[in-house]
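Enquirer: For reference, the structure I am asking about is given below.
Readers should treat all values here as calculations from the given coordinates under stated rules, not as data from a laboratory. Keep in mind the model is a prediction, meaning the values are calculated, not measured. Cβ placement follows ideal geometry from the backbone for every residue including glycine, while neighbour counts extend to all protein chains displayed.
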Ligand code: KG4
Ligand code: ZN
């Protein structure tokens, strides 16, 4: 089954061609340069950039895959969650294409796409098996989800305030690293001392598997003020590295503790990572180490095979779409498909 997939949920315009779960092309046009000067994503600018780029991105995806529009069997598109006016651009384009080609349209949840990035075919490796505990970590979400089969999810926990990627980006901004600075912060943390500063570990006294990052973010804000004497002195490179490492140390310990607590509660020894923060090497290392400590030889950690498959991309939407089609979940009335900015992982 040849699928053309589109994702315009936030600030990347992406189109991909997948054959079942094999990625043939995955084009991403980043809008970082559009939004960085504003320190965050500006929805109206995102919409305009999506509109300007979508046709070219789709053409490129087809060309890279050496396919013609007519070869496509199914069109898949993200319909939520995300920015309403950004989602609209992709949904409208997908409707137009499905109608013009006379092919089925499948509507995909963006967060489900992040999960399915782990199901991209790879030589010599079997896809994840169920049940699996999913940790979704992106710029907009931090969720623990039990997945019992394709499309069968139970939400176990989520953040009460900021998402972890959002916290990374906000701390990066406090350190003068620009936007979006999460990945850069993680790189600088590699050369820092994670024990240089003591920051509060969130939600320690609680037995549930909920997350919170706003207290940690505020603690970093206060720390930066203190170290710079109220902004009177610039941060040295060493201070930036040490604050980055100290923040990351606590943020990841919080993620790992709650994930292990959920794994024990649910008696699931396999964890699957999805979302932009899944690219973080320390998160992977710490999770793997702790899973082994608790589950020994049964421990298993899945994460997308490339960085590109961790962050926003349309290939993951195509793969999720493939499994939706297998379940017979195609859009019945194309005209009536609407974007859903607050779509949840368990919504169907
Ligand atoms: O999944 P994604 O591309 O977009 C959303 O759906 O939100 O995630 C983007 C988030 C950003 O907040 C970015 O700073 C963060 O992922 N991120 C990282 C790393 N790479 C990207 N955070 C921590 N460590 C990284 N290596
Ligand atoms: Zn995403």
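Enquirer: Can you put 79, 197 in order of Cβ neighbours within 10 angstrom, beginning with the fewest?
Expert: 197, 79
Enquirer: Hey, another quick one. By counting other Cβ atoms within 10 Å of each Cβ, how are 222, 63, 339, 146 ranked from fewest to most?
Expert: Sorted ascending by nearby Cβ count, the order is 222, 63, 146, 339.
Enquirer: Please report, in Å, the Rg and the Dmax of the stretch 2-160, where both are computed over Cα atoms only.
Expert: 16.2, 46
Enquirer: Right, here's the next one. Can you tell me what percent of all Cα-Cα pairs in the chain are more than 30 Å apart?
Expert: 37 percent
Enquirer: Still on this model: Share of antiparallel DSSP beta bridges in the chain, in percent to the nearest 5?
Expert: Taking every DSSP beta bridge with both residues in the chain, the antiparallel ones total about 60 percent.
Enquirer: What is the Cα centroid distance between the stretch 316-348 and the stretch 23-89, reported in whole angstrom?
Expert: Cα centroid of the stretch 316-348 versus Cα centroid of the stretch 23-89: 17 Å apart.
Enquirer: Shape call for the stretch 297-348 from the C-alpha gyration tensor, a ≥ b ≥ c root eigenvalues: rounded (a/c under 1.5), prolate (a/b greater than b/c) or oblate?
Expert: Taking the square roots of the gyration eigenvalues as a ≥ b ≥ c, the stretch 297-348 is prolate.
Enquirer: Show that you can apply the helix-only estimate: for the chain, add -39,500 (n - 2.57) for every DSSP H stretch of four or more residues, divide by all residues, and state [θ] at 222 nm to the nearest 500.
Expert: Estimated from H runs of four or more residues: -13000 deg cm²/dmol.
Enquirer: Work out the FRET efficiency for residue 63 and residue 229 from their Cβ-Cβ distance, taking R0 = 45 Å, and round it to the nearest 0.05.
Expert: Calculated value: 0.20.
Enquirer: Taking the convex hull of the Cα atoms, report for the stretch 87-164 its projected area averaged over all directions, in nm².
Expert: 7.2 nm²
Enquirer: May I ask for the angle, rounded to the nearest 10°, between helix 281-295 and the longest principal axis of the chain, with both axes built from Cα atoms and the value confined to 0 to 90°?
Expert: 90 degrees
Enquirer: Using Cβ contacts closer than 10 Å as the measure, can you line up 68, 92 from fewest to most?
Expert: 68, 92
Enquirer: Helix 84-101 against the longest principal axis of the chain: what's the angle in degrees, Cα atoms only, rounded to the nearest 10?
Expert: Taking Cα atoms only, the helix is inclined about 20 degrees.
Enquirer: State, to one decimal in nm, how far the label point of residue 334 lies from the label point of residue 2, with both points 7 Å from Cα in the Cβ direction.
Expert: Rounded to a tenth, the inter-label distance reads 1.7 nm.
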